[in-house]
Structure formats: structure tokens, C-alpha cells
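Data first, discussion second: the structure below is written as C-alpha cells.
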Amino acid sequence: MRTHLVTDRGVEGPPDLVVEVLSPSTADRDRGIKLERYRLYGVPGYLVVDPDERTLELWDLAGGASKPVVLGAADTLRWTPLGSAATLEIVLAELFGAESRAGVSAPDRGLGLLEPVRDDAFRSGDPEAHGRAMTCS
């Protein structure tokens, strides 16, 4: 447990995991400078979700990975923080709304929990457009 990072002033240290959901305008930054900064400041795990490509990139920054492990919609992410017994498990077919390996469709939720969004939806000022950009249920 990393409870020692929590003080009266707040959390004083890097998180175990950072998750970025790509958009066309931020993809280069998320895979470039942000990746290098997270590595520099000691973030051990970095997930890059690409809703357009329906992929998830898992970067093991603590292990010095130079390339990510890339998972697709038919895969399941299993990630355990260093020194933890708890495991995060995400069935990507449910996340993206794709068919699973068994050929069973995920519940009909549009594209699933993550839907691709056009950058202009955020700039439009339409709060409903932003709500459609990422739907969590």
C-alpha cells in the first residue's frame, strides 16, 4: 500500500496508473511528451485508450518498456499495481462495445463505455455533445 503518499496537504507522489483517452488533437501529445513526463516522474503504469482504433496501449514504465503492449477489443486487460493484491480487470469488448472472443456481443450501449468524439464537439459549447463524447455506465 502506498498510503504514505497521502498527507494533510494531499497526495504527494506519482499515481500507480495514469489513463489517457485519445482524441485526434491530443494523440501525439499523449503518446509523446506526456508519456515521457510520466516516465520521468515515476508513474509505473500508463494506459492509452484509442476509441477510434478500439485499442488500449499498456505501458510498463516501471519496467522501462520502450514499446507498449497493445490490446484489442477481443482482449481483457489485467493490471495489478506494484505491491498490491488487487487486480484491475477490464473486458475491452465491454469497454468498446465490440464482440467478445466467444462471439457474444456486449450489451447494446452504442459503442460501449467509450465512444469516439470529434474535437469540434468540445469546442461547440454544447454540453450535450460533451456528454456523448464519453458515456460511462
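If you plug the beta carbon distance of A65 and E94 into 1/(1 + (r/R0)^6) with R0 = 30 Å, you get a FRET efficiency near 0.70. The length gained by stretching the chain between R37 and S25 to full extension, at 0.36 nm per residue less their Cα-Cα distance, is 2.5 nm. Length gained on full extension, L82 to E53, computed as 0.36 nm times the residue gap minus the Cα-Cα distance: 7.6 nm. When the trypsin sites (Lys or Arg not before Pro) in the range 23-80 are filtered for DSSP coil states and for at most 14 other beta-carbon atoms within 10 Å of their beta-carbon, no site remains.
Out of the range 30-88, which chymotrypsin sites (Phe, Trp or Tyr not before Pro) are coil in DSSP terms and have no more than 14 other C-beta atoms within 10 Å? Don't skip to the answer; put the middle values down first.
Details: sites: Y38, Y41, Y46, W59, W79; in loops: Y41.
Passing sites in the range 30-88 are Y41.
Since every read-out is calculated from the coordinates, none of them should be taken as a lab result. The shown structure was predicted, so the numbers you read here are calculated from the model rather than taken from an experiment. Because the Cβ atoms are built from the backbone with ideal geometry, glycine has one as well, and the counts that use them run over all protein chains shown.
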